[in-house]
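Working notes, structure below.
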Amino acid sequence: QVQLVESGGGLVQAGGSLRLACAASGRSIKNYPMGWFCQTPGKEREFVSLIGVSGGITDYADSVKGRFTISRDNVKNTVYLQMNSLKPEDPAVYFCARGPVVSRRSDSYYYWGQGTQVTVSS
């Protein structure tokens, strides 16, 4: 089994940046697509970004396109989400997930981390 642990969340002013990291242990993630999702209270988990096995495929929700960048380091078994130009509507708990397939659907991902909170002050 793989364990995923997110880090890097916190409080930032609007317009600021954060870099989230998702460190995997137990099994390598190098052969699997990875995704980032976010969730706010009372809402369903929403797709943010995904990255294919080699990093050649990336995808972003329209709301973050041009501001967020996903990347992966298969040697370090870690996936990153660089978040720039953060907006007041970006706050949420951000989760990383490992999937068997490239997908925007949260139910396509089998393993999830516990999440990291992102808060943006205006």
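The values are calculated or read from the model by the stated rules, or taken from the named source; none is laboratory data. Everything quoted here is computed from the prediction, not taken from an experiment. Glycine gets a Cβ as well: all are built from the backbone with ideal geometry, and neighbour counts include every protein chain shown. Keep in mind that these areas ignore ligands, DNA and RNA; they rest on the heavy atoms of the full protein, side chains included. Shrake-Rupley method; radii C 1.70, N 1.55, O 1.52, S 1.80 Å.
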Legend entry - Selection count, the range 92-103, where residues are in a loop (DSSP other than H, G, I, E, B) and either within 19 Å of TYR80 (Cβ to Cβ) or of a type in the set (Gly, Ala, Ser) (or both): 3
Legend entry - Within the range 20-37, tally of residues that are outside any loop (DSSP other than H, G, I, E, B) and either without any contact (Cβ under 8 Å) to a residue 60 or more places away in the chain or more than 17 Å from TYR109 (Cβ to Cβ) (or both): 3
Legend entry - Cβ-Cβ under 8 Å pairs, at least 6 apart or on other chains, the range 55-83 side part of a loop (DSSP other than H, G, I, E, B) and of a type in the set (Gly, Ala, Ser), far side at pLDDT below 95 and open to solvent by 60 Å² or more (accessible area, probe 1.4 Å): SER63/GLU89
Legend entry - Residue among PRO41, PRO88 that alone is free of Cβ contacts under 8 Å to residues at least 12 places away in the same chain, closer than 24 Å to LEU11 by Cβ and not in a strand (DSSP E or B): PRO41
Inset, instruction - Collect the residues in the range 82-119 that are open to solvent by less than 20 Å² (accessible area, probe 1.4 Å), aliphatic (A, V, I, L, M) and modelled with pLDDT of 95 or more, keeping them in residue-number order. - result: MET83, LEU86, ALA97, VAL118
Legend entry - Which listed residue is under 19 Å from SER108 (Cα atoms) and either touching a Pro at 6+ places or on another chain (Cβ under 7 Å) or of a type in the set (A, V, I, L, M) (or both), from VAL79, VAL64: VAL79
Legend entry - Of all residues in the range 3-19 being part of a strand (DSSP E or B) and closer than 10 Å to TYR80 by Cα, the one that is least open to solvent (accessible area, probe 1.4 Å): GLU6
Inset, instruction - Look at VAL79 and say whether it is surrounded by 14 or more Cβ atoms within 10 Å (Cβ to Cβ), β-branched (Val, Ile, Thr) and in contact with a Leu (Cβ under 9 Å, 6 or more places away or on another chain). - result: yes
Inset, instruction - Could you grab me the full set of residues in the range 20-42 that are of a type in the set (S, T, N, Q) and exposed (fewer than 12 other Cβ atoms within 10 Å of the Cβ)? - result: ASN31
